[in-house]
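Participant: Here it is: the structure, laid out below.
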Amino acid sequence: MGTLRMGVLTRRRVGLRAADLEYAVLDTETTGLDPRTGARIVEIAVVRVRGDGTLLEEFTTLVDPRADVTGREFHGIGEGDVIGAPTADEVVPEVVRLLSGAVVVGHNLDFEQRFLTSELVPFGLPESLPGLCTLRALRAQVDLERYSLPKASYALSGVWPTGQHTALGDARACARLLVEMIANAPGELRYRGAPPLPVAIPAPRRVPVAAGAPAEGVRWKPRTAAPPGDLLTPRPWADIRWRSLELDPLLCGGAFGATDRAIAEMAAHRDARTRRRVAAAVAVAGGLAAGGLLAGLRHRLRVRQ
């Protein structure tokens, strides 16, 4: 069973209103791309936000991987930076508290999930939490040339995100993208849980955890300070091409090149045709049933006369 159960954002009238939910937007910086080859978390951040843009809480800390710190050219973290930082098992209680009762969000959440499963689940992170990938959601809803977090943010709002390649900077940018997506959608966005829960997820559950300060002797080691002010006031998106037909987010992962887009778009058209045929068949069946009922009523009236 996976750490996260990936849900979707949709303009269809199913699921829970996205603006009503709370989200725990998570980002990690790691020493490599795959925990199966020894890559470890060296920084983690969570931004807790409501769908209407209300910023609730932020948390970030460097993490001591108890291994060589590689990948400095990407994340800027060196061996000396993680000295005195908590280890993965020590951050789990705080991460559980921040994720409890929320939908867990990330831009390319498939990547984050691999590290959550490898490093945090063994120390108590619950499995089967509701999840949402903003990369897949954006590809499914909006037609852009590029969908990376900084390029999509700039294309949509005209502003480059700050703090790139820091866990808190990227979590903030992802939280803003989510909030603006909900605010700017041409129709109400709803969150629908993953199969076998096709209509709605249960309300994101609260997870019991010891709250408050970290365990004795544990000290958080953030490298990004919290700036003043409300970071998540939604900005308007101008001249954005929202898709007339939503794509299946399951088909919107990976590189999402020209062939992938074409396959997803053809599937969306095929599904739309199927829904139209089903709706037409239901309408015909309803009409026949209504006609039969009327005929029966007329017959009974004639008999009584």
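Participant: Would you be able to say whether some residue in the range 63-70 is farther than 16 Å from residue 220 by Cβ, assigned to a loop (DSSP other than H, G, I, E, B) and under 16 Å from the mean Cα position of the chain (by Cα)?
Facilitator: No, every residue in the range 63-70 fails to be farther than 16 Å from residue 220 by Cβ, assigned to a loop (DSSP other than H, G, I, E, B) and under 16 Å from the mean Cα position of the chain (by Cα).
Participant: Which ones in the range 130-152 are open to solvent by 10 Å² or more (accessible area, probe 1.4 Å) and closer than 28 Å to residue 96 by Cα?
Facilitator: Across the range 130-152, the qualifying residues are 130, 135, 136, 148, 149, 150.
Participant: Pull out all pairs, ordered by first then second residue, where Cβ-Cβ is under 8 Å, the residues are six or more apart or on different chains, the first lies in the range 108-130 and is farther than 12 Å from residue 41 by Cβ, and the second is of a type in the set (Gly, Ala, Ser) and open to solvent by 30 Å² or more (accessible area, probe 1.4 Å).
Facilitator: Going by the 8 Å Cβ cut-off, the qualifying pairs are 113/2; 127/2; 128/2.
Participant: Tally the residues that are under 19 Å from residue 218 (Cβ atoms), of a type outside the set (Val, Ile, Thr) and in a loop (DSSP other than H, G, I, E, B), restricting the search to the range 71-97.
Facilitator: Total satisfying the criteria: 3.
Participant: Is it the case, given these coordinates, that residue 92 is more than 19 Å from the chain's Cα centre (by Cα), free of Cβ contacts under 8 Å to residues at least 40 places away in the same chain and either open to solvent by less than 50 Å² (accessible area, probe 1.4 Å) or within 18 Å of residue 18 (Cβ to Cβ) (or both)?
Facilitator: Considered against the rule, which asks whether it is more than 19 Å from the chain's Cα centre (by Cα), free of Cβ contacts under 8 Å to residues at least 40 places away in the same chain and either open to solvent by less than 50 Å² (accessible area, probe 1.4 Å) or within 18 Å of residue 18 (Cβ to Cβ) (or both), residue 92 comes out as yes.
Participant: Go through the range 98-132 and give me each residue that's of a type in the set (A, V, I, L, M), touching a Ser or Thr at 6+ places or on another chain (Cβ under 8 Å) and outside any helix (DSSP H, G or I).
Facilitator: Once the filter is applied, which keeps residues that are of a type in the set (A, V, I, L, M), touching a Ser or Thr at 6+ places or on another chain (Cβ under 8 Å) and outside any helix (DSSP H, G or I), the range 98-132 yields 105, 125, 129.
For (1) aliphatic (A, V, I, L, M); (2) open to solvent by 10 Å² or more (accessible area, probe 1.4 Å), each residue gets a yes or a no:
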{"position": "6", "(1), (2)": "yes, yes"}
{"position": "13", "(1), (2)": "no, yes"}
{"position": "23", "(1), (2)": "no, no"}
{"position": "31", "(1), (2)": "no, yes"}
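Participant: Just the residues that are outside any loop (DSSP other than H, G, I, E, B) and either open to solvent by 10 Å² or more (accessible area, probe 1.4 Å) or basic (Lys, Arg) (or both), please, taken from the range 33-60.
Facilitator: 35, 36, 37, 48, 50, 55, 56, 57, 58, 59, 60
Participant: Determine if the range 121-131 includes at least one residue that is in contact with a strand residue (DSSP E or B) (Cβ under 9 Å, 6 or more places away or on another chain) and closer than 26 Å to residue 186 by Cβ.
Facilitator: Looking through the range 121-131, at least one residue is in contact with a strand residue (DSSP E or B) (Cβ under 9 Å, 6 or more places away or on another chain) and closer than 26 Å to residue 186 by Cβ.
Participant: Take the residues in the range 252-305 that are in a helix (DSSP H, G or I) and touching an Asp or Glu at 6+ places or on another chain (Cβ under 7 Å); name whichever of them is modelled with the lowest pLDDT.
Facilitator: 268
The values are calculated or read from the model by the stated rules, or taken from the named source; none is laboratory data. None of the values given here were measured: they were computed from a predicted structure. So basically every Cβ, Gly included, is an ideal-geometry build from the backbone, and we count neighbours across all protein chains shown. We work out accessible area using only protein heavy atoms, side chains counted, and drop any ligands, DNA or RNA first. Shrake-Rupley method; radii C 1.70, N 1.55, O 1.52, S 1.80 Å.
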